[in-house]
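Visitor: Provided herewith is a single structure, encoded as structure tokens, for subsequent inquiry.
The values are calculated or read from the model by the stated rules, or taken from the named source; none is laboratory data. Predicted, not measured: the structure shown is a model, and the values here were computed from it. Counting neighbours? That spans all protein chains shown, and the Cβs are built from the backbone with ideal geometry, glycine included. Just so you know, the surface numbers come from the protein's heavy atoms only, side chains and all, with ligands and any DNA or RNA stripped out. Shrake-Rupley method; radii C 1.70, N 1.55, O 1.52, S 1.80 Å.
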Amino acid sequence: MSGFDASWLDLREPADHRSRCEDLAKMLARHFDWRGQISVLDMGCGTGSNLRATAPCLGPDQHWTLIDYDAALLEAAQSRLAAWAGRAEKCNGRLVLHKDGKRITVELRRADLAHDLDRVFTSRPDLVTASALFDLASADFISEVAAEVVRCRAAFYTVLTYNGQQRWTPKHDADAAMASAFRAHQTRDKGFGESAGPMAPALLLAAFDAAGYSVSEGDSAWRLEAGDEALVGELVPGFAAAVRETALVPEEKVATWLTLSRNGALVGHTDTLALPP
Ligand SMILES: C[S@@+](CC[C@H](N)C(=O)[O-])C[C@H]1O[C@@H](n2cnc3c(N)ncnc32)[C@H](O)[C@@H]1O
């Protein structure tokens, strides 16, 4: 159990998908130019949301390896992906999805990325991807992943990395203090050592730039408004709980902040595409 349950990932998936930077997705599609066959490694796959959003940008024969350390999420990924494709079968322990004229083979693997990275990179993927992962990871982990990607001469595409921006609607006087404490919480250890948190996009850019990759970034902020009440309703108490854990904002202020009803939010994210020279 990772602390990310399937119902939370289900709730955020529509916002995640519509917030992805379209320009970067188009650049990714152009890079592979509908190549016949492609192998993809998805790190921290959860229930397979990244595959559901990225596969339409890629060619007709895709081989995905989905990695997560949470057995329950891997189990949920199988059923969510089969339902998404409409037509799915099991073949040699793999899931084979047929969707919009594409054949997508999926291998689900349980591994702890913080400790098993070399085991994860035993094959040579054409594309290494992740969604909502790298702000949880440490600066060292980001360097290690970049080194592995470069060694494979693979392309790298990661979306929805938290970048520290946070705005609520309506505003409250304590918003700035709350956001600052939340950013501090985001740097706590999430299993990889001290997290890069909002620094993750800059670290990814620097690591791939130093390796001679061509790096592009795009905005993928959640812009939550009417229709997103359920997600905003989960975010507000989660945000306050994280702030409380830091003890950086007096309890009275947190409690007052919580009394204001919110109907919207902006949560800043960055997408990163790094292409080999
Ligand atoms: C915020 S969720 C994102 C899930 C999915 N990529 C998505 O966009 O819905 C982070 C995911 O990373 C996984 N994860 C976190 N630390 C991990 C680790 N050390 N090894 C493998 N998976 C990890 C969690 O189990 C979770 O599925």
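Visitor: Please list, by residue number, everything in the range 134-173 whose backbone N is under 17 Å from a paramagnetic label point 7 Å out along Cα→Cβ of T246.
Guide: Label zone hits: 135-137, 162-168, 172-173.
Visitor: For the chain, with only Lys/Arg (+1) and Asp/Glu (-1) charged at the beta-carbon, what is the dipole magnitude about the Cα centre, in debye rounded to 20?
Guide: Roughly 740 debye for the chain.
Visitor: Return the distance in nm (one decimal) between the two label points of a simple spin-label model at K102 and E225, each offset 7 Å from Cα along Cα→Cβ.
Guide: It works out to 3.0 nm between the two label points.
Visitor: Sticking with this one: Lysine pairs in the chain 8 or more apart or on different chains: how many have alpha carbons under 20 angstrom apart?
Guide: On the way: K26/K99; K26/K102; K90/K99; K90/K102; K171/K253.
Lysine pairs meeting both conditions in the chain amount to 5.
Visitor: Alpha carbon centre of the range 5-79 versus the range 122-192: separation in Å?
Guide: The range 5-79 and the range 122-192 have Cα centres spaced 16 Å from each other.
Visitor: Then there's this: Given that compact globular proteins tend to follow 2.2 N^0.38 Å, what is the ratio of the alpha-carbon Rg of the range 229-277 to that value?
Guide: Working: Rg = 15.7 Å, N = 49, 2.2 N^0.38 = 9.7 Å.
My calculation over the Cα atoms of the range 229-277 gives 1.63.
Visitor: Another one. Kindly express, to the nearest 10 degrees and within the range 0 to 90, the angle between helix 6-19's C-alpha long axis and the longest C-alpha principal axis of the chain.
Guide: On a 0 to 90 degree scale, this one is about 80.
Visitor: Return, ordered by residue number, the residues of the range 35-72 whose backbone nitrogen is under 15 Å from a label point located 7 Å along Cα→Cβ of A83.
Guide: Counting backbone N atoms under 15 Å from the label point, the list is 47-49, 52.
Visitor: Starting at the first residue of the range 209-223, write each ³J(HN,Hα) from the Karplus equation 6.51 cos²θ - 1.76 cosθ + 1.60 with θ = phi - 60°, in whole Hz, x for Gly and Pro.
Guide: 4, 5, 8, x, 6, 8, 10, 10, 10, x, 7, 9, 4, 6, 10
Visitor: At a 1.4 Å probe, what is the % contribution of carbon and sulfur to the accessible area of the chain?
Guide: Carbon and sulfur: 51 percent of the exposed surface of the chain.
Visitor: Further question: Counting only DSSP beta bridges with both residues in the chain, what percent are antiparallel, rounded to the nearest 5?
Guide: In the chain, approximately 55 percent of DSSP beta bridges are antiparallel ones.
Visitor: Still on this structure, please answer the following. Sorting check: for 73-82, 120-129, which peptide has the highest mean count of neighbouring beta carbons within 10 Å, and how do the rest follow? Could you put the intermediate results ahead of the total?
Guide: On the way: 73-82: 19.6, 120-129: 17.8.
Taking the mean over residues of other Cβ atoms within 10 Å, the ranking is 73-82, 120-129.
Visitor: Residue by residue, what Karplus-based ³J(HN,Hα) values in Hz, rounded to whole numbers, does the range 31-44 have, using 6.51, -1.76 and 1.60 with θ = phi - 60° and x for Gly and Pro?
Guide: 3J(HN,Hα) across the range 31-44, in whole Hz: 4, 8, 6, 6, 3, x, 10, 8, 10, 10, 10, 10, 8, x.
Visitor: Write down the accessible area per residue of the chain in Å², having rolled a 1.4 Å probe over the full set of protein chains. Working shown, then result.
Guide: Values: 12390 Å² over 277 residues.
Accessible area per residue: 45 Å².
Visitor: Return the FRET efficiency for the residue pair D173, R110: r is the Cβ-Cβ distance, R0 is 51 Å, and the value is rounded to the nearest 0.05. Show your work: numbers first, answer last.
Guide: Working: r = 46 Å, r/R0 = 0.90.
Working from the Cβ atoms, E equals 0.65.
Visitor: Continuing with the same structure: Size of the dipole of the range 188-249 about the Cα centre, Lys and Arg at +1 and Asp and Glu at -1 on the beta carbon, nothing else charged, in debye to 20? Each step should come with its number before you reach the end.
Guide: Working: 4 positive and 10 negative charges, 42 e Å.
That gives the range 188-249 a dipole magnitude of about 200 debye.
Visitor: While we're here: Treating the beta-carbon of each Lys and Arg as +1 and of each Asp and Glu as -1, no other charges, what is the dipole magnitude of the range 166-277 about its Cα centre, to the nearest 20 debye? Each step should come with its number before you reach the end.
Guide: Values: 9 positive and 15 negative charges, 30 e Å.
That gives the range 166-277 a dipole magnitude of about 140 debye.
Visitor: Kindly give Rg over Rh for the chain, based on alpha-carbon atoms, with the Kirkwood expression for the hydrodynamic radius.
Guide: Values: Rg = 18.9 Å, Rh = 19.4 Å.
Using Cα coordinates only, the ratio equals 0.97.
Visitor: Work through the residues other than I38 whose Cβ is under 10 Å from its Cβ and net out their charges, Lys, Arg +1 and Asp, Glu -1. The partial results should precede the final answer.
Guide: Details: positive: R35; negative: D61, D126.
Neighbour charge sum, excluding I38 itself: -1.
Visitor: Roughly how many nanometres apart are two label points built 7 Å out from the Cα toward the Cβ at R124 and A72?
Guide: 4.0 nm
Visitor: Here's a follow-up. Filter the trypsin sites (Lys or Arg not before Pro) in the range 177-277 down to the DSSP loop ones having no more than 14 other Cβ atoms within 10 Å, then list what survives.
Guide: Values: sites: R183, R188, K190, R223, R244, K253, R262; in loops: R188, K190, R262.
Answer in residue order: R188.
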